[in-house]
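Asker: Here you go, one structure.
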Amino acid sequence: QHEQFSAPLISDATDLHSQQTVWSRFRMVAVLTCTFLAFVVAGSTLHRRPLHVMVHVAKQRGRLDVENLNQAQVGDIISKDVSDAVAPDVDYTMKLSGTRVQPQPMRMSTAVCGNRIFVGWTAATSWKQSGSSHVNGDTPVTRGRVTEFHESSDGKLTPASTHKIDWCTEVGGMTITPNCDLLALLCRSSQGPSELNAIDMIGREVKSRSHFRDAWYNHNPDRDDHMYLVEFDTNSAHLSEGDKVHIHANIGGWEYGNFEVSVGGGPKRSELQYFVSNKVTYGSHEGELSMLVDRTGWKLAKDPRAGAGSGHVMANRVTYNAELRVWAVYARTDGSYGCDDPKSAAPDECSMGEAIFFATEPGTGSPAQLKGTGIRPQGGVKGNGGPMNLVSDGSSGFFGVGLGPGGSRRPVTIGLIALPGLQQNFKWSTYPWMYLDLEDISLDTDIEGTGIGFVNLQRFGGDHENRFLLGYATGVKDGVVTGKYFVQEVTKAGCLLGRPKEFRGGWGEDNVWTRLSSGCIAMPFAWKGHPGSSYTQASTSSKLRVSTICPDASIPEATCGSDVDECATNQHDCSPDATCTNFVNRPGGVKFVCGCKEGFEGDGKTCAKKEFACGVRFVRPQDGVKEGTPWWGWGVLELQFFSDDACNTKVDVDDGVPIGSSWHEGADYYSPGAAMRWQGRHGQFGGRIDPKATDKIIWLGVKFKNAKRLKCARLRQEAGFQATKIRVETLSGSEWMQNKVVSGRDGWNSILFTMSCSGADGSTNKPTTPKPTTPKPTTPKP
């Protein structure tokens, strides 16, 4: 067999100063490598259709200085036959960088202990026809895999072995004990515990905790997959599968959120505990569930906790702080605490539809809301939001990274946040976000998404060094990186060190970086083309690449001065109708940014109220809930508008502004804009309200700045989430006025109405309840 090596593999992680030098060195390495492979192949047994996992180890030293890189530091390219390709996500998988985005490689998990590095990944062993909208119309048949590598004293990685877990259809999070004797990971499977001879922990627990049955079981056929916590003994040369523990039977539904696990306690095996945070479907709700599991006896240490915050979980990360013996969950959800809730985050970051939360185990009270965020997935209109990684920071607590602040009223950039050891100790005034003025990244508040995504963070160097490596990609759109990857050092104070360096190795969005025992950082990826590109059946790769970056002995020069919060000290010139956002000071850089608040427009220094000429909306009133359907939801599959009474002449509303009372704003899959096919969006209106809300009305509609002629609408309701009454309201001045009330039915509803354009500001969004009228007494005719 002959492997054709290409120059991009050699230069994945770096810019080399001379293409000529690259090729001369490449030819030398290729000759040596091919000679090595000749010996390997000569002594190997050829399989019928062999595929390869390629391990690319790119080692970069010297302040991440690309000019000083030499060929010896690039590392080795090693081929190992494992006969499988890295599986792609199906195309309805949700990512922080997009909703229903182009497929990416399925998540890879990494665990490190000493010189041993384990990568858990999901293989596509074959493909089958699928009637649903999966990758190219087909669905991968997937199996679990764990590949082990060894790190030498000079930082080079070599593959040791690959372990197959053929009963596992998806590999989730992975963790390893400090003494390296036990490796544990989460495995999804359609097989029940009796079929796998597994320990049925939830089967035992539900007998004494029957009120948590829905937290573990679901009988819908697409939401009843099982999840197992699987241990492997690492004391032998090859992994030996140990206990399989059944922890969920309600996995499935929409592909968002993560499967996370982290081990703590010890050092004896009898003292170990596993903390698990999984996205599950309990009842009709899809959200996060956390459990603390005692390894001894395989039992719960306490009741499970439902929800990493408010709403559905979009992403959840788990980190263990060994010094404090505390686990932390860092999550983004599509809900946020209300502005009247004392648990809410900073002022102006409440009731925003999405938020980032922080929870700890142990911990008391509700998860802390770190921020409300208007950042939407790039599949919508507001950038790539949410948390990526949370790093243990010893006795200080934790250190996290995310995108923020978010929305058109504020710039979109990377934010860092130091967090306490326990969730109840969080106060937004004590632990503020530190927003970064990234070099060559636009902070124009008129741009609702700068295309930043794939954000990552990990400690760099020793355990107590104030050095962290930050990574991000540019040109991210619909979950695909059209730009470049960059890395740059940063301190806990948010001070950027040196300059950003292009990194050609790349990493998967779901793949959290891992720090090696040497202080270097390892990151796996699978693309055979440009990292971050669309990853489909046609472009799947059998090459598993691992890149490493190592710190230099000297710390790069700081690029920041002592920070002054111009917003908090009122040293800014923002409009009273704008929000001031402080940035960590960079000499010659941005100190603060002004962004007009919701309902206003301008440059932030001058803001004027948004004026709307007219609008129409459709309201499901409280007495319009169909019996037997959930009062907290209204499903509108499609909403069309017409300019004539017969609903024949269709009118697009791309020049309007979609509005609605929902956890889903803007134009994501469940938004008003999606139901109206606004600006090419596709989806439906998944109108929901907080179950604790006292006002149980739901509505959607559209507003226009200029005159618009609309006379008819066709609204298609979702069975099981339909309204029996629909109230039509039109915008008059700044108030919504009732136009008419019609009966609602399953399927299509044609609704006639009159919409006038008399000039209005549209600032009032709450539906008005019509005043009751007292009928005049009449004298009956004789």
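The values are calculated or read from the model by the stated rules, or taken from the named source; none is laboratory data. It should be emphasised that the depicted structure is a prediction, and the values quoted were computed from it without experimental measurement. Cβ: placed from backbone, ideal geometry, glycine included. Neighbour counts: every protein chain shown. The protein model used for the area step is the full one, side chains on, heavy atoms only, and it has no ligands, DNA or RNA in it. Shrake-Rupley method; radii C 1.70, N 1.55, O 1.52, S 1.80 Å.
Yes or no, residue by residue, for (1) farther than 19 Å from ILE414 by Cβ; (2) at pLDDT below 85; (3) not aromatic (Phe, Trp, Tyr):
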{"site": "GLY483", "(1), (2), (3)": "no, no, yes"}
{"site": "PHE486", "(1), (2), (3)": "no, no, no"}
{"site": "CYS495", "(1), (2), (3)": "no, no, yes"}
{"site": "ARG499", "(1), (2), (3)": "no, no, yes"}
{"site": "GLU502", "(1), (2), (3)": "no, no, yes"}
{"site": "GLY505", "(1), (2), (3)": "yes, yes, yes"}
{"site": "THR514", "(1), (2), (3)": "yes, no, yes"}
{"site": "CYS520", "(1), (2), (3)": "yes, no, yes"}
{"site": "HIS530", "(1), (2), (3)": "yes, yes, yes"}
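Asker: Moving on. Taking the conditions exactly as written (in contact with a Ser or Thr (Cβ under 7 Å, 6 or more places away or on another chain) and surrounded by fewer than 22 Cβ atoms within 10 Å (Cβ to Cβ)), does LYS591 satisfy them or not?
Answerer: No; evaluated as a whole, the condition is false for this residue.
Asker: Just for the stretch 624-648: of the residues that are over 16 Å from ARG745 (Cβ atoms) and not hydrophobic (A, V, I, L, M, F, W, C), which one is nearest to the chain's Cα centre (by Cα)?
Answerer: Taking the candidates together, the pick is GLY633.
Asker: In the stretch 296-317, what residues are closer than 23 Å to MET201 by Cβ and crowded, with 24+ Cβ neighbours inside 10 Å?
Answerer: ALA308, VAL313, ASN316
Asker: Looking only at residues in the stretch 132-150 that are surrounded by fewer than 20 Cβ atoms within 10 Å (Cβ to Cβ) and either over 11 Å from PHE118 (Cβ atoms) or aromatic (Phe, Trp, Tyr) (or both), which one is modelled with the lowest pLDDT?
Answerer: SER133
Asker: Could I ask something else about it? Do you know which residues across the stretch 500-548 are open to solvent by 10 Å² or more (accessible area, probe 1.4 Å), outside any loop (DSSP other than H, G, I, E, B) and in contact (Cβ under 8 Å) with a residue 40 or more places away in the chain?
Answerer: The answer is PRO500, LYS501, GLU502, THR514, ARG515, GLN537, ALA538.
Asker: From the residues in the stretch 151-172 that are part of a strand (DSSP E or B) and either open to solvent by 20 Å² or more (accessible area, probe 1.4 Å) or modelled with pLDDT under 80 (or both), which one is nearest to MET106 (Cα to Cα)?
Answerer: At the first step, the residues of the stretch 151-172 found to be part of a strand (DSSP E or B) are 151, 157-165, 170-172.
This time we only want the ones that are either open to solvent by 20 Å² or more (accessible area, probe 1.4 Å) or modelled with pLDDT under 80 (or both), so: 157-160, 162-164, 170.
Values: LEU157: 22, THR158: 23, PRO159: 21, ALA160: 22, THR162: 17, HIS163: 18, LYS164: 16, GLU170: 9 Å.
The qualifying residue nearest to MET106 (Cα to Cα) is GLU170.
Asker: Just for the stretch 627-636: of the residues that are open to solvent by less than 40 Å² (accessible area, probe 1.4 Å) and in contact with a strand residue (DSSP E or B) (Cβ under 8 Å, 6 or more places away or on another chain), which one is nearest to MET676 (Cα to Cα)? Outline the logic, then answer.
Answerer: Taking the stretch 627-636 and keeping what is open to solvent by less than 40 Å² (accessible area, probe 1.4 Å), we get 629-630, 633-636.
Among the residues that remain, those that are also in contact with a strand residue (DSSP E or B) (Cβ under 8 Å, 6 or more places away or on another chain) are: 633-636.
Details: GLY633: 18, TRP634: 15, GLY635: 13, VAL636: 10 Å.
So the residue we want is VAL636.
Asker: Could you list, in sequence order, the residues of the stretch 389-444 that are among the aliphatic types (A, V, I, L, M), over 19 Å from ALA558 (Cβ atoms), in a strand (DSSP E or B) and modelled with pLDDT of 85 or more?
Answerer: LEU390, VAL391, ILE417, LEU419
Asker: Going residue by residue through the stretch 196-217, is there one that turns out to be exposed (fewer than 15 other Cβ atoms within 10 Å of the Cβ) and on the phi > 0 side of the Ramachandran plot?
Answerer: Yes, because at least one residue in the stretch 196-217 is exposed (fewer than 15 other Cβ atoms within 10 Å of the Cβ) and on the phi > 0 side of the Ramachandran plot.
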